[in-house]
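Below is one structure, written out as structure tokens; the observations come after it.
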Amino acid sequence: MKLSEAIRLGAVMHPQIYRSLRSPLGTCALGAVGFALGCLDSLDTTVDWKSTADFYRVTNKEIGLHICPVCQYTPQPTSDQNRLLIAHLNDDHRWTRECIADWIEIHEIQTEINNPQNSETEISCELQPSSHENSVLKG
Ligand SMILES: [Zn+2]
């Protein structure tokens, strides 16, 4: 699952909150990722994560998130860079998680265009009309 997809999926599971990954009231954009990936299954902060491996794998992926599109805030280039920018947009600019996902998706698409061999998406181009199309064309 892509980061943008995980944020969107998690966003429909709980309301948005700020300054915290999760609370009984909901999740931030990163908490949404945790729920979407099945790493978190409770809003109770005393309940441990089921695992963190998928959360870090998805949120660590280099997709060109380097600078805040609003205020030019630029976190140090570390493995936390994506998470810092996402938390910044969620908490400081109060972007909806859907908006954050849209912004990330642009970077994911750009990354796939630049690095097609690393793409998670199979891109195929069917040159022959399908049998269904043939039958329609023949009437
Ligand atoms: Zn900013």
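Inverting the mean 1/r over all pairs of different Cα atoms, compute the Kirkwood radius of the stretch 3-116 and quote it in Å. Averaging 1/r across every pair of different Cα atoms and inverting gives 14.1 Å. Ordering 107-116, 77-86 by mean Cβ neighbour count within 10 Å, with the highest value first, yields 77-86, 107-116. Along the stretch 94-106 the Karplus relation, 6.51 cos²θ - 1.76 cosθ + 1.60 evaluated at θ = phi - 60°, assigns HN-Hα couplings of 6, 5, 5, 5, 5, 5, 4, 4, 4, 5, 5, 4, 4 Hz to successive residues, with x for each Gly and Pro. Each residue of the stretch 33-50 was assigned a 3J(HN,Hα) from its phi angle through the Karplus curve 6.51 cos²θ - 1.76 cosθ + 1.60 (θ = phi - 60°); the sequence is 4, x, 5, 4, 8, x, 7, 10, 9, 8, 7, 6, 5, 7, 8, 5, 4, 5 Hz, with glycine and proline shown as x. Here the peptides 35-43, 60-68 are ranked by packing, the mean other Cβ count within 10 Å, and the order with the highest first is 35-43, 60-68.
Where a number appears in this text, it was derived from the coordinates with a stated rule and is not lab data. Nothing here was measured: the structure is a model prediction, and the numbers come from that model. When we count neighbours, we look across all protein chains shown, and the Cβ atoms used for this are built from the backbone with ideal geometry, even at glycine.
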